[in-house]
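Everything below concerns the one structure shown next.
The values are calculated or read from the model by the stated rules, or taken from the named source; none is laboratory data. What you see is a predicted model, and the numbers here were worked out from it, not measured in a lab. Cβ sites come from the backbone with ideal geometry, for glycine too, and all protein chains shown count toward neighbours. Calculation scope for accessible area: heavy atoms of the full protein, side chains included, ligands and nucleic acids excluded. Shrake-Rupley method; radii C 1.70, N 1.55, O 1.52, S 1.80 Å.
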Amino acid sequence: MSWLSPPNRPIRDWSCRTVWVVGGSAGIGLALAQALSREGARLCVSARRLEVLEDAFPDTGVLKLRCDVRQREAVAQALAAQEDRDRLPDVIFWVAGDYKPMSAARFSPEAARDLIDTNLGCVFDGLSAIGQAWGLAQVPPAAPPAGPRRHLCWFGSVAGYRGLPQALAYSASKAGLMALAETSHVELKPLGIDVSIVSPGFVQTQLTAQNDFEMPALLTPEQAARETLSGLAAGAFEIHFPKRFTWGMKLLRILPHRIALALLAKVRPQ
């Protein structure tokens, strides 16, 4: 493989793909699922609230499942339900997650643990269930399928680049997710599975509505969905947007700590 080739196999035609959006009842997940439905994907959407999915996707061609990723067996059961309907996905978007502003001076250990478990711990349970469904638990692992390459797309955040003010647990969880994506990309690619991670800036959702500050370069969920699909069409590993904001955050990530921490101290809430 050339060093200049894309990290992943580009996905430009969704009409031949079977897709599962985990966490598709609101925000980016809902906008992404709606965009994929328009693109002709064979679509399954899951969320904790099945009634919301029924309202959002009246089309009977879209499979709707109740799946709370915080329940240990939920992902495995959802995958089994899809396989029973001959709809085992070859592309999985893991959008499910949570956000709560949290400072080091005032935080609840229980709330912090719950947030980290939702955003990171549950992902490991999900990865285990996905590996079982895709034959990775076999020794040796199952040969890559003859059809399209499988693809895992995790949703992180630019908050994972640096520990940001008011994001004590959230930044930690998203930094961990970035490391998981990097490791799994290297290890799963030889097995016919591509891995991407989406690192959005601020997107207008119910979760970011908790912020009490002006959010720079704020995007709509529909814009975030378009950026995600454009990144996959380019074969990107990390899909980050909006660039006018995320490139600045990337610079903050590589700056020496004495400079980066001094800059972060200037923007911390008083």
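Counting only residues that are open to solvent by less than 70 Å² (accessible area, probe 1.4 Å) and among the aromatic types (Phe, Trp, Tyr), the stretch 238-267 holds 2 of them. Filtered by the rule that a residue be closer than 20 Å to GLY156 by Cα and either more than 16 Å from the chain's Cα centre (by Cα) or open to solvent by 40 Å² or more (accessible area, probe 1.4 Å) (or both), the stretch 36-48 gives a lone residue, ARG48.
Within the stretch 240-251, residues that are at pLDDT below 95 have Cβ atoms under 6 Å from residues that are open to solvent by 40 Å² or more (accessible area, probe 1.4 Å) and outside any helix (DSSP H, G or I) in these pairs: PHE245/PRO216, counting only partners at least 6 apart in sequence or on another chain.
Of everything listed in (1) under 16 Å from the mean Cα position of the chain (by Cα); (2) within 30 Å of SER15 (Cα to Cα); (3) among the basic types (Lys, Arg), the single unmet condition for LYS174 is (2).
For the structure I just gave you, tell me whether LEU188 is in contact with an Asp or Glu (Cβ under 9 Å, 6 or more places away or on another chain) and open to solvent by less than 30 Å² (accessible area, probe 1.4 Å). Yes. Just checking, how many residues over the stretch 49-58 are under 18 Å from ALA74 (Cα atoms) and open to solvent by less than 30 Å² (accessible area, probe 1.4 Å)? The number of residues fulfilling the criteria is 1. Taking the criterion of being open to solvent by less than 20 Å² (accessible area, probe 1.4 Å) and assigned to a loop (DSSP other than H, G, I, E, B), the only residue of the stretch 194-232 that qualifies is GLY201. A Cβ distance below 6 Å, combined with a sequence gap of six or more or placement on separate chains, defines the contacts here; from the stretch 1-19, residues that are basic (Lys, Arg) and open to solvent by 80 Å² or more (accessible area, probe 1.4 Å) reach residues that are outside any strand (DSSP E or B) and modelled with pLDDT of 95 or more in the pairs ARG12/ALA233.
For the stretch 83-111, give me each residue that is open to solvent by 70 Å² or more (accessible area, probe 1.4 Å), at pLDDT 90 or above and farther than 19 Å from ILE28 by Cβ. GLU83, ASP84, ARG85, ASP86, GLU110 - these are the residues of the stretch 83-111 that are open to solvent by 70 Å² or more (accessible area, probe 1.4 Å), at pLDDT 90 or above and farther than 19 Å from ILE28 by Cβ.
Look at GLY235 and say whether it is touching a Lys or Arg at 6+ places or on another chain (Cβ under 8 Å), open to solvent by less than 30 Å² (accessible area, probe 1.4 Å) and modelled with pLDDT of 95 or more.
Numbers: touching a Lys or Arg at 6+ places or on another chain (Cβ under 8 Å): yes; open to solvent by less than 30 Å² (accessible area, probe 1.4 Å): yes; modelled with pLDDT of 95 or more: yes.
Against the criterion (touching a Lys or Arg at 6+ places or on another chain (Cβ under 8 Å), open to solvent by less than 30 Å² (accessible area, probe 1.4 Å) and modelled with pLDDT of 95 or more), GLY235 qualifies.
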